[in-house]
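Visitor: Attaching a single structure in structure tokens format; questions to follow.
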Amino acid sequence: MMAATASHPLLLLLLLSLRLLAVANGASKPLANQTLVVTPLASPRPFLSEDADETLASAVESETTLPSYPSSSLHVHLSHRDSLLADTTTAEQIFRLRLDRDAARVETLSQTLTVATTPPAVNVTSRRGFSSKVVSGLAQGSGEYFARIGIGTPARYAYMVLDTGSDVVWLQCAPCRRCYSQSDPIFDPRSSGSYAAVPCGAPLCRRLDVAGCDTRRRSCLYQVSYGDGSITTGEFSTETLTFRRSARVPRIALGCGHDNEGLFVAAAGLLGLGRGSLSFPSQAGRRFGRMFSYCLVDRTSAGAPNRSSSVVFGGSAVPRSSARVAYTPMVRNPKVDTFYYVELMGVSVGGTRVTGVLASDLRLDPTTGRGGVIVDSGTSVTRLARPAYQALRDAFKAGVSGLKLAPGGFSLFDTCYDLSGRTEVKVPTVVLHLAGGAAVSLPAENYLIPVDTKGTFCFAFAGTDSGVSIIGNIQQQGFRVVFDAEKSRVGFMPRGC
């Protein structure tokens, strides 16, 4: 009995030693790393390239050969708005402007969701008057991607913003009472053989958040207000859109804006890619299976290959090698239809789940419509609920070895490194874990990015207190992101451009 008692402390000591050894072995387990090739910040290629007019002329000449629907797919080239400034602005100035737009974008998304989760205002229907709190998800100047699209019959080509955070399709129209500057002639519906005004009592008119009626013409009026006070107002209509080298899409409901204040630079209007019923993917759903995808290339690195961003509608939106696509279910917000929500379950750094990134901090509340995570083409930097971001940032900093911290941060980034004189470095891997088992492993250049020409690189995530988290386009670059409304899922295919 005494021997057993005497050996008890020794047994406890042995068990404690074994536990400490196991902890030590776990702590010494090497982190999963990947290589970041250090390439400086560079200006994008000019937006209006030298062959733009030749390409446009070719598209116009081939207009008579464009097929009519049914057609299975549309392929559209995208240009980033940073290219507008490539000839006149330094790379660092362009990047700072991009971050300024990004902040405005996130603020407007937050306002949109705040409005959507509060009791709605009553719409006033009159000949010219509107009154509503409804705002779009697109902030002033935050349209990030442009496409060349033909409007009307015969087609007049113009640059339009493509955006997943907006639904209503619209463009500036003559006669224009107030219009901002755009790079192409303003569209005149009187010169189009396919333009048709929507009657006031038509179902299409009733689908607008804010609708009015021109009592003289008996035509439906639309209004889209933006969080920064910008606005577009005009006649709601249907028109044919033509996509170069692809096909015509007839009878797309769009706003013909005769009064447009603020808004965009260069673009003639907006092609909404949101989840709502008036977005282009929803309207063309029968033709394209309610499916589209895009692939966005890295625009900030001098080492980026000469690839272009693109969007694909229809059957070709999902590549043949679809086994490489990691799918996660779409989550519906009952308070607002526009945005593409997904459920982010956690994040791994260096092969280990970050314990402080909790699904509960990132989950959408279906009762209030608040919280959640959206996938957005117009937001650059991924925002996470602040506790989740802080845990992710701290885990990344702890996993970085041998890199010199840059003092002071940069704009919204609080974790930056001085990589001047380096050609490549090792950084911990970062993986987003989404519902349904989808694991999105980010390339190193998607989360440690150049912010100047001196070799400063920053961890490209940020915290937010707005409630909604956003997976931005920096983290999406290089992936083909698939929006499959038919099967209610979002997919991520690496190296999809």
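Visitor: Taking Val440, is it under 24 Å from Leu273 (Cα atoms) and buried (at least 20 other Cβ atoms within 10 Å of the Cβ)?
Guide: yes
Visitor: Could you grab the pairs with beta carbons closer than 6 Å, sequence gap of 6+ or different chains, first residue in the range 322-340 and of a type in the set (A, V, I, L, M) and modelled with pLDDT of 90 or more, second one open to solvent by 40 Å² or more (accessible area, probe 1.4 Å) and in a loop (DSSP other than H, G, I, E, B)?
Guide: If the second residue must be open to solvent by 40 Å² or more (accessible area, probe 1.4 Å) and in a loop (DSSP other than H, G, I, E, B), the pairs left are Met330/Ser488; Val331/Glu343.
Visitor: Determine which single condition Ser469 fails, assuming it passes every other condition in (1) open to solvent by 10 Å² or more (accessible area, probe 1.4 Å); (2) over 23 Å from Gln34 (Cα atoms); (3) touching a residue at least 60 places away in the same chain (Cβ under 8 Å).
Guide: That leaves (1) as the condition not met.
Visitor: Is it the case, given these coordinates, that Tyr389 is part of a helix (DSSP H, G or I), at pLDDT 95 or above and of a type in the set (Ser, Thr, Tyr)?
Guide: Working: part of a helix (DSSP H, G or I): yes; at pLDDT 95 or above: yes; of a type in the set (Ser, Thr, Tyr): yes.
Yes, satisfied.
Visitor: Taking the criterion of being touching a Phe, Trp or Tyr at 6+ places or on another chain (Cβ under 8 Å) and under 22 Å from Leu97 (Cα atoms), would at least one residue in the range 396-411 satisfy it?
Guide: Yes: one or more hits.
Visitor: List every residue pair whose Cβ atoms sit under 7 Å apart, with the two residues 6 or more apart in sequence or on different chains, where the first one lies in the range 359-387 and is hydrophobic (A, V, I, L, M, F, W, C) and the second, anywhere, is in a helix (DSSP H, G or I) and open to solvent by 10 Å² or more (accessible area, probe 1.4 Å).
Guide: Ala385/Asp361
Visitor: Can you tell me which residue among Ala42, Ala91 is out of contact with any Leu (no Cβ under 6 Å at 6 or more places or on another chain) and modelled with pLDDT of 50 or more?
Guide: None of the other options fit; the residue is Ala42.
Visitor: Which of the residues belonging to the range 426-437 are outside any helix (DSSP H, G or I) and open to solvent by 60 Å² or more (accessible area, probe 1.4 Å)?
Guide: If the condition is that a residue be outside any helix (DSSP H, G or I) and open to solvent by 60 Å² or more (accessible area, probe 1.4 Å), then Lys426 is the only one that fits.
Visitor: Just one of Ser191, Ser166 is surrounded by fewer than 23 Cβ atoms within 10 Å (Cβ to Cβ) and either within 19 Å of Arg251 (Cβ to Cβ) or of a type outside the set (Phe, Trp, Tyr) (or both); which is it? Reasoning before the result, please.
Guide: Details: Ser166 fails: surrounded by fewer than 23 Cβ atoms within 10 Å (Cβ to Cβ).
Exactly one of Ser191, Ser166 is surrounded by fewer than 23 Cβ atoms within 10 Å (Cβ to Cβ) and either within 19 Å of Arg251 (Cβ to Cβ) or of a type outside the set (Phe, Trp, Tyr) (or both), namely Ser191.
Matching residues to (1) modelled with pLDDT under 85; (2) buried (at least 16 other Cβ atoms within 10 Å of the Cβ); (3) touching a Ser or Thr at 6+ places or on another chain (Cβ under 7 Å):
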position: Thr118; (1), (2), (3): yes, no, no
position: Val134; (1), (2), (3): yes, yes, yes
position: Ala139; (1), (2), (3): yes, yes, yes
position: Arg156; (1), (2), (3): no, yes, no
position: Phe187; (1), (2), (3): no, yes, no
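Visitor: Pick from Val354, Val375: which is over 24 Å from Glu107 (Cα atoms), surrounded by 15 or more Cβ atoms within 10 Å (Cβ to Cβ) and modelled with pLDDT of 95 or more?
Guide: Val354
Visitor: Give the residues of the range 341-355 that are in contact with a helix residue (DSSP H, G or I) (Cβ under 9 Å, 6 or more places away or on another chain), part of a loop (DSSP other than H, G, I, E, B) and closer than 17 Å to Pro428 by Cα, sorted by residue number.
Guide: Gly350, Val354, Thr355
Visitor: Further question: Can you tell me which residue is most open to solvent (accessible area, probe 1.4 Å) among those in the range 408-425 that are assigned to a strand (DSSP E or B) and farther than 20 Å from Gln475 by Cβ?
Guide: So the first thing to find is which residues in the range 408-425 are assigned to a strand (DSSP E or B), and the list is 410, 413, 416-418, 424-425.
Remaining after also requiring farther than 20 Å from Gln475 by Cβ: 418, 424.
Details: Asp418: 48, Glu424: 106 Å².
The residue in question is Glu424.
Visitor: Cβ contacts < 8 Å: first residue closer than 20 Å to Thr453 by Cβ, restricted to the range 91-116; second residue assigned to a helix (DSSP H, G or I) and open to solvent by 20 Å² or more (accessible area, probe 1.4 Å), any location; separation 6+ or different chain. Result?
Guide: Gln93/Leu85; Ile94/Leu85; Leu97/Leu85
Visitor: In the range 472-496, how many residues are closer than 16 Å to Pro329 by Cα and open to solvent by 20 Å² or more (accessible area, probe 1.4 Å)? Steps first, answer last, please.
Guide: Of the residues in the range 472-496, the ones closer than 16 Å to Pro329 by Cα are 481-493.
Within this subset, residues satisfying the condition of being open to solvent by 20 Å² or more (accessible area, probe 1.4 Å) are 485-489.
Number satisfying all stated conditions: 5.
The values are calculated or read from the model by the stated rules, or taken from the named source; none is laboratory data. Remember, predicted model here, so these are calculated numbers, not experimental data. Every residue, glycine as well, gets a Cβ built from its backbone with ideal geometry; the counts of neighbours run over all protein chains shown. Accessible surface is based on the protein model in full, side chains and every heavy atom, while ligands, DNA and RNA are left aside. Shrake-Rupley method; radii C 1.70, N 1.55, O 1.52, S 1.80 Å.
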